[in-house]
Amino acid sequence: MIQEDIMTGKLAALSRPAPDGVIERILIRTGLADEYTLIEGPIGSAYVAWSDRGITAFVPAAAVGPRSAFEARHARKATYVLAPPPRLARHLDRAVATGRLGRLPIDLSSLSDFQREVLRKCAEIPPGEIRPYGWIAREIGNPGAVRAVGTALGRNPVPVLIPCHRVVRTDGRIGSYAYGSSMKRDLLEHEGLDSAAIEATARRGVRLVGSDTTGIFCFPTCRNAKRITDAHRAEFRSEEEAMAGGYRACKVCRPAA
Amino acid sequence: MIATLNSLPSRLAADRDRAFPDLVHALQDGVYSGALQFTRNGHDAQDVTQETFIRAYRALGSYDPERISDLNLRPWIWTIALNLCRNRARSASRRPEAALAEDRAEAGPGPEAQAIADAEVNEWRVRLSTLSGPQRTAVVLHHVVGLPYSEIAASTGRTESTTRSDVRRGLARLRTLIEEENR
């Protein structure tokens with residue numbers, strides 16, 4: 001006759017610790033932990049982290065240093081892997097190559113509604129074009145919130161991918177950047193913009209340009225503005241001045257309310 | 001661990017994302033150990049463990065804080081886990097070859113000792129599979145995982161006294177089985 005306590009002892013000995021990595025996978029799939037890798041960005045390599053909801057961080061490697069430093073500064077637990085999952089990798093490559101988000105999912109779930117709105121609006125700015133902070137404030141229906149827009153962009157968790165480098169000061173100066181204004185200039189130059197020329201134009205007091213053939217005014221870097229020939233180009237200090245001259249606002253870059 | 005479990009419902013209610021990793025830490029070994037007996041192999045048990053906590057996390061997102069504070073976490077987790085084990089057993093019975101292939105492919109995390117230990121797990125899995133469903137569930141949850149009768153009853157929806165007799169009858173059956181093996 002087998003004693004019951006021997007049998008129950010054997011049953012108790014069947015308990016096993018969950019294998020390594022189970023908790024990591026649970027936390028990744030619930031969006032509580034991230035994976036990350038190192039990719040080649042438009043101007044140098046960058047750490048990219050993601051959850052199952054999308055990209056959570058994009059950090060120029062030059063700004064942080066080794067992997068351990070990235071893991072330490074990242075808000076959540078991050079596990080290094082060689083590459084993103086295939087679908088994410090495809091959209092990420094395309095976003096880096098084109099300067100547009102396309103269908104790349106971005107996980108902004110840890111941000112406030114206001115920050116999300118600002119960043120979504122920012123992501124609409126096409127590569128090679130810039131908009132002032134005030135433009136975002138007005139477009140999201142909060143024209144007084146220019147400073148808050150600047151703060152929200154400064155905390156952009158995915159710079160470069162969400163192109164906060166394309167947002168500049170209302171006076172036309174390039175303005176500050178989380179990773180230094182020289183990186184902001186480099187990113188704009190990479191997209192074909194001449195940052196020195198932009199600032200020179202701004203110094204002359206020019207904020208908007210118009211075409212005397214169409215009677216439409218734009219931000220100077222709007223794709224429609226770039227087509228205006230010198231002979232037909234009009235320059236304005238403000239939307240009031242442009243409107244007083246009989247011009248209307250471009251429907252693509254929407255330089256006025 | 002008990003202290004962690006006691007404070008967890010209120011911490012989950014206050015900040016789900018911060019407290020959730022502690023829930024996984026506290027209960028993952030128990031869920032995995034039980035799932036090893038309720039599924040075909042370590043691979044399935046690992047899947048069930050992951051899926052259990054992912055579902056739990058999503059469920060917590062749809063509960064209001066009051067409901068979370070009142071949760072009896074271990075039985076709640078086991079209700080989810082048992083359901084997943086049952087679903088898996090159902091679909092496994094439809095494709096038995098795949099199960100065998102997975103068994104062979106299953107990479108033991110290292111030394112020979114682990115392989116012997118897993119042989120033990122496999123041996124008992126075969127014995128336990130001859131029990132009725134409720135008896136097997138009750139025996140594994142009580143004696144392998146270490147759940148009290150009240151929590152098993154809460155997980156399975158049976159009464160505590162039924163659970164007690166499930167365990168008693170299950171053990172009696174196992175004893176007969178082992179005596180037959182030794183004859």
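The values are calculated or read from the model by the stated rules, or taken from the named source; none is laboratory data. This one's a predicted model, so the numbers in the text were calculated from it and none came from an experiment. Virtual Cβ from ideal backbone geometry, glycine too; neighbours counted across all protein chains shown. Ligands, DNA and RNA are excluded from the accessible area calculation, which covers all protein heavy atoms including side chains. Shrake-Rupley method; radii C 1.70, N 1.55, O 1.52, S 1.80 Å.
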(message) Can you compute the FRET efficiency between A:Ala97 and B:Glu120 using 1/(1 + (r/R0)^6), with r the Cβ-Cβ distance and R0 = 45 Å? Round to the nearest 0.05.
(response) 0.25
(request) Could I get the Rg over Rh figure for chain B? Both from C-alpha atoms, Rh via Kirkwood, rounded to two places. (result) 0.99
(request) Would you grab the residues whose amide H sits under 5 Å from the one on A:Thr56? Only those 5+ places off in sequence or on another chain, please, with H modelled 1.01 Å from N. (result) A:Ala49, A:Trp50, A:Ser51, A:Asp107
(request) Take each complete run of DSSP H in chain A, measure how far its Cα atoms stretch along the helix's own axis, and keep only those covering 27 Å or more with mean Kyte-Doolittle hydropathy at least -0.5; list them. (result) none
(request) Can you tell me the 0 to 90 degree angle between the C-alpha axis of helix B:96-105 and the longest principal axis of chain B, rounded to 10? (result) 80
(request) Summarise the partner chain shielding of A:25-35 as one whole number: the mean count of Cβ atoms from other chains within 10 Å of each residue's Cβ. (result) 5
(request) Compare each residue of region B:123-148 in its chain alone against the assembly with all protein chains, and report those whose accessible area goes down by 20 Å² or more; 1.4 Å probe, heavy atoms. (result) B:Trp124, B:His143, B:Val144
(message) Compute the helix-to-body angle for B:16-38: its Cα long axis versus the longest principal axis of chain B, expressed 0 to 90° and rounded to tens.
(response) 20
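If you take the beta carbon distance between A:Leu111 and B:Arg18 as r and set R0 to 22 Å, what does 1/(1 + (r/R0)^6) give as a FRET efficiency, to the nearest 0.05?
Efficiency for this residue pair is about 0.80.
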(request) Step through the residues of region B:59-75 one at a time and calculate ³J(HN,Hα) from phi using the Karplus curve (6.51 cos²θ - 1.76 cosθ + 1.60, θ = phi - 60°), rounding each to whole Hz and writing x for Gly and Pro. (result) 4, 4, x, 9, 8, 7, x, 4, 5, 5, 4, 8, 5, 9, 4, 5, x
(message) How charged is the neighbourhood of B:Leu8? Take every other residue with its Cβ under 13 Å from the Cβ of B:Leu8, and add Lys/Arg as +1 and Asp/Glu as -1.
(response) +1
(message) Give me the Å³ per residue figure for the convex hull around the C-alpha atoms of region B:1-107.
(response) 95
(request) Determine by what factor the alpha-carbon radius of gyration of the protein assembly as shown differs from 2.2 N^0.38 Å, reporting the quotient. (result) 1.38
(request) Report, in deg cm²/dmol and to the nearest 500, the calculated mean residue ellipticity at 222 nm for the protein assembly as shown, where each DSSP H run with n ≥ 4 adds -39500 (n - 2.57) and the sum is divided by the residue count. (result) -16500 deg cm²/dmol
(message) When only alpha-carbon atoms are used, what values of Rg and Dmax, in angstrom, describe region A:205-257?
(response) 9.4, 28
(request) May I ask for the percentage of alpha-carbon pairs in chain A that lie more than 24 Å from each other? (result) 55
(request) Quantify, in whole percent, the carbon and sulfur part of the accessible surface of the protein assembly as shown (1.4 Å probe; protein heavy atoms only). (result) 50
(message) Using amide H atoms built in the peptide plane, which far-off residues or other-chain residues are under 5 Å from A:Arg248 H to H?
(response) A:Ile216, A:Phe217
(request) Would you give the gap between the C-alpha center of region B:28-59 and the C-alpha center of region A:1-70, rounded to a whole Å? (result) 16
(message) What translational diffusion coefficient, to the nearest whole µm²/s, does region A:23-98 have by Stokes-Einstein, given a Kirkwood radius computed over alpha-carbon pairs, a temperature of 20 °C and 1.002 mPa s viscosity?
(response) 171
(request) Would you mind computing, in nm to one decimal, how far apart the modelled labels at A:Lys226 and B:Arg94 are, each placed 7 Å from Cα along Cα→Cβ? (result) 5.5
(message) Below 20 Å, Cα to Cα, which lysines can A:Lys184 reach? Residues fewer than 8 away in the same chain don't count.
(response) A:Lys121
(message) What does the net charge come to around B:Glu181 if you take all other residues with beta carbon closer than 15 Å to its beta carbon, with K and R at +1 and D and E at -1?
(response) +2
(message) With a 1.4 Å probe and all protein chains kept in place, how do A:Arg76, A:Arg25 rank by accessible area, largest first?
(response) A:Arg25, A:Arg76
(message) In region B:157-183, whose amide N lies under 18 Å from the spot 7 Å out along Cα-to-Cβ of B:Asn83? List them in ranges.
(response) B:157-158
